[in-house]
Amino acid sequence: MGARARELQGTKGASSVAWHRAVLGSVLLLGGALLLAGCPKKPEVATGAPRAEAPAPVPETKREPAPPAAPAKEPLQDVFFDFDKAIIRDDGKQALNTDIQWLKANSAVRIRIEGHCDERGTTEYNLALGERRAKTARDYLVAGGIDPKRISTISYGKERPFVQGHDESAWKWNRRGHFVVVK
């Protein structure tokens, strides 16, 4: 191979590398711009009632969704868990102690404890975690004097969220042991 051919080949390789760097830089710049732009806000819907004067702007604050209202006919309280845990917290112990009192006063009632998880993790992992949560709640009730024959457990994993959402304000309500009277 001649000197001229090697010179051209070296130039071609350098320009190819420069071209790849330019394309990579453009892709990274475009990706960064898209991340910074974010999703547009939904437009406000006009109600049809004319306004005389626009109110002063109110600073926007992030609101957590209100806890979902439990059905009025369900006398038992749910137990909530920390992320990736099946350990009963202090607030959960208070709820379970109240449940124990109610179950002792209503000795003919049978219940089902449903174990639930938030949307993070695989389906298989969350089914196993939901089962551990339901069994932990059952074991607490049994230690409190409730006949284990009155309690069944099932895990729904992440398949039945209590609150829709993709952040901690929704996830904290979905990590739970839900109590259902089956009589």
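Bear in mind that the values in this text are calculations on the coordinates, not laboratory data. Predicted model, so just to flag it, every value in this text is computed and none were measured. Backbone-built Cβ (ideal geometry, glycine too); neighbour counts: all protein chains shown.
List I113, I87, I154 from most exposed to least, where exposure is judged by having the fewest other Cβ atoms within 10 Å.
By the 10 Å Cβ count, ascending, the order reads I87, I154, I113.
Return the distance in nm (one decimal) between the two label points of a simple spin-label model at D139 and V180, each offset 7 Å from Cα along Cα→Cβ.
2.4
Name the shape class, rounded, prolate or oblate, that the alpha-carbon gyration tensor gives for segment 87-181, where a ≥ b ≥ c are the square roots of its eigenvalues, rounded holds for a/c under 1.5, and otherwise prolate holds if a/b is larger than b/c and oblate otherwise.
prolate
Compute the signed sum of charges (Lys and Arg +1, Asp and Glu -1) over the other residues within less than 13 Å, Cβ to Cβ, of G115.
Local charge sum for G115: +4.
Would segment 81-122 count as rounded, prolate or oblate if I go by the C-alpha gyration tensor, calling it rounded below 1.5 in a/c and otherwise prolate when a/b exceeds b/c, oblate otherwise?
oblate
Take T98 and T123, extend 7 Å from each Cα along the Cα→Cβ direction, and tell me the distance between the two endpoints in nm.
3.5
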